[in-house]
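> Take a look at the following structure, please.
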Amino acid sequence: IKKIGVLTSGGDSPGMNAGIRSVVRTCAFHNIECIGIYRGYEGMIEGDFKSMNARSVKGIINKGGTILKSARSKEFRTVEGRKKAHEQLVKAGINAFVVIGGDGSFTGAMIFSQEYNMPVMGIPGTIDNDIFGTTHTLGYDTALNTVVDVIDKIRDTASSHNRLFFVEVMGRDVGHIALNVGVGAGAEEILIPEEDLGLDRLLESLRRSKQSGKSSSIVVVAEGDKIGKSVFELKDYVEEHMTEYEVRVSVLGHMQRGGSPSCFDRVLASRMGVKAVESLITGKTNCMVGLKNDVMALTPLDQAIKGQSKINLELLRVSDIMSI
Ligand code: ATP
């Protein structure tokens, strides 16, 4: 392998820049040329490439977002689009690439590598932590810290006014963020896509906490919670059935994806970049690098895509006990 491309694709997440830096510098260390591919697969199709050296990635380890920009490309989903992308890679002499993104980006890489026999390696970059084969995806730890910090602030106003807050956090399919920030910020209840606690149980829990003398309550709700109600519908429901609280809603949204990466994410990104490039050098392909039992491990892309990233149910029990 003489030239490795690196791209970020799908939703951005904190730590992607640290990942790019690591891929570029590991290439430099092994005397391999590294090419930055801008705007994900969109830029691959258009040949939006730039040669990168160790100095091109200075001062980015602490920056959120991605200097290579990210995009979603409809064209790459087509045979013709991928043909154009292949022509561009061949023209630039790129023999392999590392893609930092989520399961959609990995699916694209897998199909491409099968069609053109090109070595590819994935680095999981998404705040949702919804990828099988790693205990942590890039950006997840930062998002947890960002959200806990915000809920602490919401708690200040909630307890000053005896309010109940429903706080919606990201997580359409998995409740990792909700569950962890819920425990970390001392939420009364946590509503996640994996478990339906039920509306009766929610009311009962809120009544119990009011009776036990609590002055404020926070309920953390994942976007895709199984009760199937939006935070606004939950507010209406609770207001209908309880008069004890003034209810407010806070939808955190995209701020969860931004910010300077935590130390954990910077270290993880650095490790993943080294593992991705060195795996390509040793002839590995079609895999994702991940963290398992605190060591870097490879998972075949098809398993990473299909496998289920399971939440830690023990945490639900811890949350129950803590909200007594
Ligand atoms: P996020 O965590 O933000 O969802 P993701 O990587 O899963 O990240 P997607 O938008 O699903 O984000 O995928 C990113 C890009 O990967 C798509 O825009 C598309 O170009 C490519 N891609 C996804 N699925 C396929 C597919 N089945 N075939 C070819 N390319 C695909």
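The values are calculated or read from the model by the stated rules, or taken from the named source; none is laboratory data. These numbers come from a predicted model, not from an experiment. Virtual Cβ from ideal backbone geometry, glycine too; neighbours counted across all protein chains shown.
> Under 7 Å between Cβ atoms, which residue pairs at least 6 apart in sequence (or on different chains) link something in segment 82-97 that is more than 22 Å from Ser279 (Cβ to Cβ) and free of Cβ contacts under 8 Å to residues at least 40 places away in the same chain with a partner that is of a type in the set (A, V, I, L, M) and buried (at least 19 other Cβ atoms within 10 Å of the Cβ)?
Within 7 Å, the pairs are Lys84/Ile45.
> I'd like to know if segment 95-111 contains one or more residues that are of a type in the set (S, T, N, Q), near the ligand (Cβ under 9 Å from one of its atoms) and under 18 Å from Glu42 (Cβ atoms).
yes
> Right, another one. Quick one: how many residues across segment 145-172 are free of Cβ contacts under 8 Å to residues at least 60 places away in the same chain and within 18 Å of His254 (Cβ to Cβ)?
So the answer is 5.
> Being farther than 27 Å from His30 by Cα and either touching a residue at least 60 places away in the same chain (Cβ under 8 Å) or buried (at least 16 other Cβ atoms within 10 Å of the Cβ) (or both), is that true of even one residue in segment 262-282?
Checking segment 262-282: at least one residue is farther than 27 Å from His30 by Cα and either touching a residue at least 60 places away in the same chain (Cβ under 8 Å) or buried (at least 16 other Cβ atoms within 10 Å of the Cβ) (or both).
> Let me ask you something else. Please go through (1) in a helix (DSSP H, G or I); (2) over 27 Å from Gly186 (Cα atoms) for Ile154 and return the number of the only condition it doesn't satisfy.
Of everything listed in (1) in a helix (DSSP H, G or I); (2) over 27 Å from Gly186 (Cα atoms), Ile154 misses just condition (2).
> Run Ala71 past the list (1) of a type outside the set (Phe, Trp, Tyr); (2) within 16 Å of the ligand (Cβ to nearest atom); (3) modelled with pLDDT of 95 or more and report the number of the one that doesn't hold.
Ala71 satisfies every listed condition except (3).
> On to the next question. Do you know which of the residues in segment 112-131 that are within 13 Å of the ligand (Cβ to nearest atom) and in a loop (DSSP other than H, G, I, E, B) is farthest from the chain's Cα centre (by Cα)?
Ile131
> Right, here's the next one. What is the residue count in segment 32-59 for residues that are under 30 Å from Cys263 (Cα atoms), surrounded by 17 or more Cβ atoms within 10 Å (Cβ to Cβ) and either more than 23 Å from the chain's Cα centre (by Cα) or more than 13 Å from the ligand (Cβ to nearest atom) (or both)?
Of the residues in that region, 10 qualify.
> Which condition number in (1) in contact with a Leu (Cβ under 7 Å, 6 or more places away or on another chain); (2) in a loop (DSSP other than H, G, I, E, B); (3) at pLDDT 90 or above; (4) among the aliphatic types (A, V, I, L, M) is the one that Ile227 fails?
(3)
Listed here are the residues, each with its yes/no results for (1) assigned to a helix (DSSP H, G or I); (2) in contact with a His (Cβ under 9 Å, 6 or more places away or on another chain); (3) more than 15 Å from Val99 (Cβ to Cβ).
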{"site": "Ala269", "(1), (2), (3)": "yes, no, no"}
{"site": "Val274", "(1), (2), (3)": "yes, no, yes"}
{"site": "Val277", "(1), (2), (3)": "yes, yes, no"}
{"site": "Lys284", "(1), (2), (3)": "no, no, no"}
{"site": "Ile311", "(1), (2), (3)": "no, yes, yes"}
{"site": "Leu315", "(1), (2), (3)": "yes, no, yes"}
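Listed here are the residues, each with its yes/no results for (1) of a type in the set (A, V, I, L, M, F, W, C); (2) within 13 Å of Leu315 (Cα to Cα); (3) part of a loop (DSSP other than H, G, I, E, B); (4) at pLDDT below 95.
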site	(1), (2), (3), (4)
Asp173	no, no, yes, yes
Ile177	yes, yes, no, no
Arg201	no, no, no, yes
Ser205	no, no, no, yes
Lys210	no, no, no, yes
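> Kindly evaluate Thr146 against the criterion of being at pLDDT below 95, in a helix (DSSP H, G or I) and β-branched (Val, Ile, Thr).
No, not satisfied.
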